[in-house]
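The values are calculated or read from the model by the stated rules, or taken from the named source; none is laboratory data. Since we're looking at a predicted model, the values are computed, not measured. So basically every Cβ, Gly included, is an ideal-geometry build from the backbone, and we count neighbours across all protein chains shown. Ligands, DNA and RNA are stripped out before the accessible areas are found, and what is left, the full protein with its side chains, is counted by its heavy atoms. Shrake-Rupley method; radii C 1.70, N 1.55, O 1.52, S 1.80 Å.
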Amino acid sequence: QVQLVESGGGLVQPGGSLRLSCAASGIIFSIYTMGWYRQAPGKQRELVASITNGGSTNYADSVKGRVTISRDNGKNTVYLQMNTLRPEDTAVYYCHGRTLARDYWGQGTQVTVSS
């Protein structure tokens, strides 16, 4: 049974930081491209950042310079370090894992940026 379990979301003030984690099980984690997506109320789900099995990263323009994605294949975990958070970063953040043949989603974790 494949599971992607996110953690680390919560309420943070503007300018603050959060670190999201996604622990994967039931997959050969090291071969997967992992990503973080987010969906704000009334908006489509969008890619925040991704990291390939080789460690290449990709970021949405809206988060470049503020967000870092990383992975630990030994722990089957992908991280999203978010700094200088803004109210517009408020969304449910989803972990995603994919290969050419399949893809999986986590259940999401809420991030709220508000004073």
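If packing is taken as the average number of other Cβ atoms within 10 Å across a peptide's residues, how do 11-17, 21-27 rank, most packed first? Mind showing how you got there, number by number?
Details: 11-17: 12.9, 21-27: 17.1.
Ranked from most to least packed, the peptides come out as 21-27, 11-17.
In Å², what does the accessible area per residue of the stretch 21-101 work out to with a 1.4 Å probe?
On the way: 4040 Å² over 81 residues.
Result: 50 Å² of accessible area for each residue.
Do you know the relative contact order of the stretch 2-115, to the nearest whole percent, from alpha carbon pairs under 8 angstrom that are 6+ apart? Don't skip to the end; give the middle numbers.
On the way: 276 pairs, mean separation 41.7, N = 114.
With pairs under 8 Å counted, the relative contact order is 37 percent.
Most mobile of Tyr94, Tyr104, Tyr79 per a Gaussian network model of the chain (Cα springs, under 10 Å)?
Highest fluctuation of the listed residues: Tyr104.
Want the number for Asp61 to Leu47: 0.36 nm per residue separation, take away the alpha-carbon distance, what's left? Show your work: numbers first, answer last.
Numbers: separation 14, 0.36 × 14 = 5.04 nm, distance 1.01 nm.
Roughly 4.0 nm would be gained on extension.
For the chain, give the magnitude of the charge dipole about the Cα centre (Cβ charges: +1 Lys/Arg, -1 Asp/Glu; no others), in debye to the nearest 20.
Values: 11 positive and 7 negative charges, 13 e Å.
Magnitude of the dipole: close to 60 debye.
Picking from Gly97, Gly55, Gly42, which is most flexible by a Gaussian network model of the chain using Cα springs under 10 Å?
Among Gly97, Gly55, Gly42, the largest mean-square fluctuation in the Gaussian network model of the chain belongs to Gly42.
Percent of accessible area on the chain owned by carbon and sulfur, 1.4 Å probe? Please list the in-between numbers first.
Details: 2780 of 6090 Å².
Percent of accessible area from carbon and sulfur atoms in the chain: 46.
At 0.36 nm per residue, and after removing the present C-alpha to C-alpha distance, how many nm does the segment from Ser114 to Glu88 gain when stretched out fully? Display every interim value, and only then the final one.
Numbers: separation 26, 0.36 × 26 = 9.36 nm, distance 0.94 nm.
Additional length available on full extension: 8.4 nm.
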